[in-house]
Amino acid sequence: TLGADPVSLAASEGGGAFRWLLKQWTGLQSVEWSDADVGCDGLRELIGTSPPCLHSIVLRASTKLCDAPERLPLLLSVLGGWERLSSLHLQGAGLTPAVLGGWPAQVFPSVRRLDVGWNRNLLADPHGAQQLFRILDCVPGVSEIVLAGTAVVAESLIEVIRHVAWRNVEILDLGGNATLLSDEAGCAALARVFEVAPRLRELDIWDTGLSVAGASILAMRPSYPVLTALMMGSNTDVLSSEEGCRVLGKWLSRCSSLETLDLSSGLLHPESLLALAEQTVCLNVSCLRMQMSEGLLREHVGGKALRALLVRCPFLETLELWDTGATLDGIAGLVGS
């Protein structure tokens, strides 16, 4: 990972020393530039001299990509000629609906991961979602889509899932879209995602404003048979209330294949955790994260509530509890003394 542009690829001569290093690192699989000045000549030469294992070039926060209307299409044309490219990373690259309007008809058949996260306001309205179709048309084999921090709203999510590419999607990141699930419309749109993406196995809805009413809509769906990972931290409306955790328990009971559950930063407290435990018959998770739930294990009652949930997790292998305010009294409640 190279940040703050220590090596410029704006011109072919800009990264000569780095390209020499690439020849030495024959097992290198991914290169990331953060806030870099990326140019076509340098990128073309980099690809031409890359080690055989390299399959990913991450252009994270490379806002200069979109400084000139013609620059992004030129860079994409260079990447499009790279047969090993498996991930197309354009996170924080200044993409807008207007920029996407000039997206070239360049197909990336080998790309499996598409990351357009943290392009602020990219999907703030249905027009942006319609322009996103241009990218989805270019990655017919995509199985992982990152739309985190793009201001997704219900209307734009509904528009996006109309695209046929969703039938192959296995991983979806919607985190950081703070109001997406704050109303029933957003949650209804998310429920629709599971209908058009039957292979979806990992879902990240961290900090999406999930409301109790919205969670109730998700809990009404009969089953989520292939979902193996659910990251829903920082959704305090649900996680900090007893009613919300009861609804969450109903939802989780429909996730028969769930292996990883992340409830971090949700202001969990003993009462809400106990409500979750009471509503949950059995969780098949092997990894449970409750990080940054400050005060959860400060008192005996908190440890006791967590123990009530853990006895419903017979296959648990990993439990992450850092920054929960643990005290000896809280640990005593957890171990049952």
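Close amide H pairs (under 5 Å, H built 1.01 Å from N) link Asn235 with Asp207, residues at least 5 positions away or on another chain. Spin-label model, Glu294 to Val226: label points 7 Å out along the Cα-to-beta-carbon direction sit 4.1 nm apart. Rg over Rh for the range 179-311 works out to 0.95, using Cα positions for both radii and the Kirkwood form for Rh. Summarising the label geometry, the points placed 7 Å from Cα in the beta-carbon direction at Ser30 and Ser77 lie 2.9 nm from one another. Size of the range 136-257: Rg and Dmax of its alpha carbons, in Å, are 13.5, 45. Taking label positions 7 Å along the Cα-Cβ direction at both Asn168 and Arg134, the computed distance is 2.1 nm, reported to one decimal. Residues whose amide H lies under 5 Å from that of Leu283, counting only those 5 or more places away or on a different chain, are Cys313; hydrogens are built 1.01 Å from N in the peptide plane.
When the solvent-accessible surface of protein heavy atoms is calculated with a 1.4 angstrom probe, in what order do Val169, Val335 fall, highest first? Working shown, then result.
Values: Val169 0, Val335 100 Å².
So the residues, ranked largest to smallest area, are Val335, Val169.
Here the extension length gained between Thr236 and Lys250 equals 3.3 nm, from 0.36 nm per residue of separation less the Cα-Cα distance. Here Kirkwood radius over Cα pairs in Å was calculated from the structure, and among (1) 21.5; (2) 20.7; (3) 23.2 it sits at label (1). Between Asn121 and Ala151, the built amide H atoms are under 5 Å apart, and every one of these is 5 or more places off in sequence or on another chain.
How high is the FRET efficiency between Gln106 and Val335 when r is their beta carbon distance and R₀ equals 45 Å, given to the nearest 0.05? Given R0 = 45 Å and the Cβ-Cβ separation, E is 0.20. The apolar share of the surface of the chain, taken as the fraction of accessible area on carbon and sulfur atoms (1.4 Å probe, ligands and nucleic acids excluded), comes to 53 percent.
The values are calculated or read from the model by the stated rules, or taken from the named source; none is laboratory data. Keep in mind that this is a model prediction, so the values were computed, not measured. Cβ: placed from backbone, ideal geometry, glycine included. Neighbour counts: every protein chain shown. Only protein heavy atoms, including side chains, enter the accessible area calculation; ligands, DNA and RNA are left aside. Shrake-Rupley method; radii C 1.70, N 1.55, O 1.52, S 1.80 Å.
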